[in-house]
Every structure is written in structure tokens, then in C-alpha cells.
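Remarks on the structure that follows.
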Amino acid sequence: MTGNVFLRTSVIFLTCGVVLGVKMGMAEDFVQAPTHAHLNLVGGVWMFLAGLFYNANPQISGRLIGVHYVLTLVGMMGFGIGLYGKLAGAAWGELPLIAGSSLSALGLIMFAVIVWMGTGRAARV
């Protein structure tokens, strides 16, 4: 697996975030602003940067990239859906929010370790 899957997925999250932002603006209802921001920044920007990093560092194991991708994708889907539900007042939003944010945090920790190990003097990933 290469960073391209991160790049492609990031534009999907960015599109969702922009569509939500336009919807909020048209309705002049900004309750979902945190959801909009997280879709754009975590789903869009962070995933895009990860894709660029992986493509610039082909020595990184495709298996590690795949595990990071699954953690991030599932985490962002749960986080985005859960946050939307929670902010809309739906009781069902809490569980996916907790699970998604936990997986996203694990994905970030994993990415930090990969970057740290992949950019050192003796890159070992």
C-alpha cells in the first residue's frame, strides 16, 4: 500500500466537510461547526499529509501504512458520524464518537512513531 490511498480518501473527507460547511452557511445554523472542522482538518489535511509523507518515504512498510490507514479511516468515520449525532442531540452519537476518537488517537500515535522511526539516521520501518 502507498500513500495514494490516504490522498484519495482525504479529498472525500474534505468534500464532506465542505458540503457540511455550505449546508450550515445556507441554513445559518452552525451547531455542526466542530464536525465540519474535524472532517476538514483530521480527515482531510492530516490524511493528505500522511499520504504525502508515505509517498516521499517509500521505505516505509506497506503493511504499516495499511494498518495506519484502517485505524484512521474507521476512526474518522466513527468520529465524524458520532460527533454529528452528539451535536444533533442524538443518544446514539456517543458510542461511535468515543470509539472513533479513540481509534483516531491510536492512528495519530502510530503515525508519530512511523514518522519518528522513518526519518531517523537509521530509518527502520
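What to note about this one:
- Whichever residue in the range 1-41 is among the β-branched types (Val, Ile, Thr) and surrounded by 16 or more Cβ atoms within 10 Å (Cβ to Cβ) and, among such residues, is nearest to residue 62 (Cα to Cα): 5
- Residues (touching a Ser or Thr at 6+ places or on another chain (Cβ under 7 Å), modelled with pLDDT of 95 or more and more than 30 Å from residue 29 (Cβ to Cβ)) located in the range 76-125: 107
- Cross-chain or 6+ apart pairs with Cβ under 9 Å, the range 92-106 first and more than 22 Å from residue 50 (Cα to Cα), then among the β-branched types (Val, Ile, Thr): 93/81; 96/81; 97/81
- Residue selected from the range 1-31 under the condition in a helix (DSSP H, G or I) and of a type in the set (Gly, Ala, Ser), by the criterion nearest to residue 80 (Cα to Cα): 17
- In the range 47-62, residue nearest to the chain's Cα centre (by Cα) [restricted to those that are in a helix (DSSP H, G or I) and without any contact (Cβ under 8 Å) to a residue 60 or more places away in the chain]: 47
- Of the residues making up the range 42-71, just one is buried (at least 21 other Cβ atoms within 10 Å of the Cβ), under 18 Å from residue 100 (Cα atoms) and among the β-branched types (Val, Ile, Thr), namely 42.
- Selection status of residue 67, over 10 Å from the mean Cα position of the chain (by Cα), within 15 Å of residue 6 (Cα to Cα) and of a type in the set (A, V, I, L, M): yes
The values are calculated or read from the model by the stated rules, or taken from the named source; none is laboratory data. Keep in mind that what you see is a predicted model, and the values were worked out from it rather than measured. Virtual Cβ from ideal backbone geometry, glycine too; neighbours counted across all protein chains shown.
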